[in-house]
1. Once amide H atoms are built 1.01 Å from N in the peptide plane, which residues 5 or more positions from residue 65, or in another chain, come under 5 Å H to H?
2. Counting Lys +1, Arg +1, Asp -1, Glu -1, what net charge surrounds residue 64 among other residues with beta carbon under 12 Å of its beta carbon?
3. Could you give the nm distance between label points at residue 64 and residue 112, where each point is 7 Å from its Cα heading toward the beta carbon?
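Just so it is clear, none of the values below were taken in a lab; they were calculated from the coordinates. All values reported here derive from a predicted model rather than from experimental measurement. Reconstructed Cβ throughout: ideal geometry from the backbone, glycine too, with neighbour counts over all protein chains shown.
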Amino acid sequence: MKFPTVRQFLFSRKAEQEYTEYDPDNLTQHTADLLKRNASMCRCGGLAPPIEEKGHIYRCVRCNKEFSNISYNLGRRQRKELLNALPKNSSQLIDMDYYDTAIILLKKEDKR
């Protein structure tokens with residue numbers, strides 16, 4: 001592949017990613033993926049994603065029970081929490097506006 005072709009490919013993918021980044025379906029899927037990565041397993045065998053942006057409470061998508069587990073922070077870091085912590089990428093931050101639709105997606109995946 002020639003350099004101009006590679007450069008054109010990279011810039012076209014970047015423009016496509018920026019365009020799809022603001023697509024509501026993509027943000028819902030991103031939120032579902034983030035919840036799945038940070039979820040715990042319930043005793044019933046169901047997936048239990050976090051219920052808030054920051055805390056330690058999880059709710060099972062199968063049996064709807066809440067339980068306490070390891071603490072999580074899906075929002076921005078506070079400067080006082082970790083002195084040498086880098087800021088989170090946008091891919092690590094949850095958008096709570098899409099939380100309910102993401103939970104619906106996770107419930108559909110659980111039924112399969």
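1. Correct list: 60.
2. Details: positive: 59, 62, 65, 107; negative: 66, 110.
Taking every other residue near residue 64 into account, the sum is +2.
3. Roughly 2.4 nm, to one decimal.
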